[in-house]
1. Just going by the charge dipole of the chain, with Lys and Arg at +1 and Asp and Glu at -1 on Cβ, which of VAL145, SER272, GLY405 is farthest out on the positive end?
2. Using the Cα centre of the chain as origin and beta-carbon charges of +1 (Lys, Arg) and -1 (Asp, Glu), tell me which of ASN314, ALA414, ALA117 is placed farthest towards the positive end of the dipole.
3. How do 341-349, 324-332 rank on mean C-beta neighbours within 10 Å, highest first?
4. So between ASP365 and ASN224, what do we pick up on full extension, going 0.36 nm a residue minus the alpha carbon distance?
5. Note down the magnitude of the dipole of the chain about its Cα centre, charges +1 on Lys and Arg C-beta and -1 on Asp and Glu C-beta and zero elsewhere, to the nearest 20 debye.
6. Just to be sure I understand: of the beta bridges DSSP finds with both ends in the chain, what percent are antiparallel, rounded to 5?
7. For region 302-318, in order, what is each residue's ³J(HN,Hα) by Karplus, 6.51 cos²θ - 1.76 cosθ + 1.60 with θ = phi - 60°, in whole Hz (x at glycine and Pro)?
8. Once label points are set 7 Å from the Cα along Cα→Cβ at both VAL350 and GLN277, what is their separation, rounded to one decimal in nm?
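What follows draws every value from the coordinates through simple rules; no lab data is involved. Values in this document were obtained by computation on a predicted structure and should not be read as measured data. Quick reminder, even Gly has a Cβ in these numbers, built from the backbone with ideal geometry, and neighbours come from all protein chains shown.
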Amino acid sequence: MEIKIADNLKTVECDVLIVNKFEGKSTSHELVNEYLPESYKGKAGEVFLLHTHKKCPSTYILTIGFGDENKLDNNIIRENISKAVKKCLELKAKSIAIDITSNQTNSIPAIIGAYIANYSFDKYKTKKDNKISEIYISQVSQEVVDISKTMAESMQFTRDLANEPAAYATPTKLAEIAKNIDGVTTVVYDENEIKELGMGAFLAVARGSKQPPKFIHMKYTPINPKKRIAIIGKGLCFDSGGLDIKPASSMLTMRDDMSGAACVLGVMKALSKLNPQVEVHGIIAACENMPGCDAYKPGDILTAKNGKTIEVDNTDAEGRLTLADALCYACTIGVDEVIDIATLTGACMVALGNAASGIMGNSDDLVKDIIKVGSYCGEKFWELPMWQEYRDNMNSDIADMKNTGTRYGGASAAGMFLKEFVTDDVKWAHLDVAGTAFLESPHKEFCKGATGVGVRTLLNYIMV
Ligand code: BES
Ligand code: MG
Ligand code: ZN
């Protein structure tokens with residue numbers, strides 16, 4: 001999609017001109033003001049479509065309600081522009097103009113909303129979905145357009161990758177993608193090297209699959225970094241559950257179990273374009289969880305990179321095992337902060353649905369900062385407790401811990417498990433995106449499938 005800056009959107013020839021309306025105010029467009037019916041108030045999300053019959057250069061003008069002007073924020077702009085763009089797609093529009101009597105900062109959520117709405121995963125369809133190819137916008141600098149576009153395209157990249165079937169998005173493929181990202185250096189460790197690194201937990205998970213595991217370490221290095229952070233993405237290219245195999249209905253979407261990894265790749269891809277003053281390490285322990293003949297078994301005892309031993313209670317609690325070794329590794333490379341993002345627990349999905357991701361960590365400041373950045377850019381995080389009770393449930397008679405606790409409080413238990421592999425000198429936050437990474441039905445700006453959750457929050461967090 002191309003974004004073009006125009007001086008006067010009213011004179012642009014395009015399929016649809018989108019204008020916004022606040023309650024109790026008239027719009028910026030005379031023709032709209034003349035024809036808007038009494039009943040149309042401009043409540044948030046309310047649309048009114050006007051055919052211009054050649055009185056204007058655009059074929060249609062679509063008015064979108066923005067509600068109360070005093071309550072305007074990024075979320076209202078993004079969600080409603082997204083709604084308007086979906087309406088344009090229904091009209092089979094190719095070129096649109098967005099006139100939201102904007103200022104520079106309003107343009108970012110508007111552009112991102114347009115990109116989110118214009119997305120569909122149609123790679124494997126012979127008949128492609130209609131897409132908008134041109135957006136005109138005004139009162140905005142090229143720099144702001146470029147930043148918005150980079151973020152939005154990273155989200156698209158992440159959504160594509162998470163939507164891909166597991167047969168395509170294998171650990172080897174993720175490693176290949178990582179190696180080809182501009183502006184970052186990438187090291188990929190293969191199975192033998194992973195063994196040498198002492199990652200006994202990660203390796204055990206990978207053993208049941210024919211696909212070899214890859215441990216991926218990307219690094220973006222600016223000239224004078226203000227700080228150093230590592231972002232770790234859960235990279236389960238497919239999670240069958242392993243020997244504790246999942247029922248068919250739960251397995252159906254488990255190609256999305258690398259959404260964290262896809263997010264990290266999307267973020268790393270954007271860095272050389274955004275040039276933040278932060279050193280960023282992108283880390284992925286990529287493998288599949290399969291019940292092959294060499295699969296790890298309930299009752300096995302694994303030794304993680306930091307020497308701690310884990311009794312396998314359930315082979316479907318595999319993500320925390322791969323993350324355990326990735327966290328140990330991240331704590332050895334000299335970073336100040338580590339953030340992991342993972343489709344980790346069904347329990348988090350049960351608790352928060354698709355409205356918010358769970359967040360936990362060992363640093364109140366880091367957790368609060370991420371929650372704040374997330375709410376600014378449209379991704380909600382809700383803090384879950386990290387109490388000792390959850391850890392106590394994972395005590396083992398034969399090892400340092402088990403990989404699962406009781407049936408209840410599963411998201412917090414997983415968080416407490418991960419904490420065992422983080423050193424105290426590192427600030428750490430864990431994002432559980434099991435409920436938000438992949439939608440079973442359309443929700444707000446998003447269509448069914450992958451959402452690219454985390455990309456906006458992590459990029460904005462790195463940029464501030
Ligand atoms: N990948 C799943 C978690 C998940 C569930 C992600 C639903 C997205 C949607 C994870 O590996 C898993 O299987 N977790 C188990 C843990 C349990 C065995 C303690 C779960 O949540 O059921
Ligand atoms: Mg699992
Ligand atoms: Zn999983």
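1. Comparing the listed Cα positions along the dipole, VAL145 ranks first.
2. Checking the options against the dipole of the chain, the answer is ALA117.
3. Numbers: 341-349: 26.1, 324-332: 24.6.
Going by the mean number of other Cβ atoms within 10 Å, highest first, we get 341-349, 324-332.
4. Numbers: separation 141, 0.36 × 141 = 50.76 nm, distance 2.34 nm.
Length difference between fully extended and current span is 48.4 nm.
5. Details: 52 positive and 60 negative charges, 251 e Å.
In total the dipole reaches around 1200 debye.
6. Numbers: 27 of 74 bridges.
Approximately 35 percent, going by the DSSP bridge assignments.
7. Values, residue by residue: 10, 10, 7, 4, 8, x, 6, 9, 10, 7, 6, 9, 8, 6, 7, 8, 8 Hz.
8. Going by the 7 Å Cα→Cβ label model, 4.7 nm.
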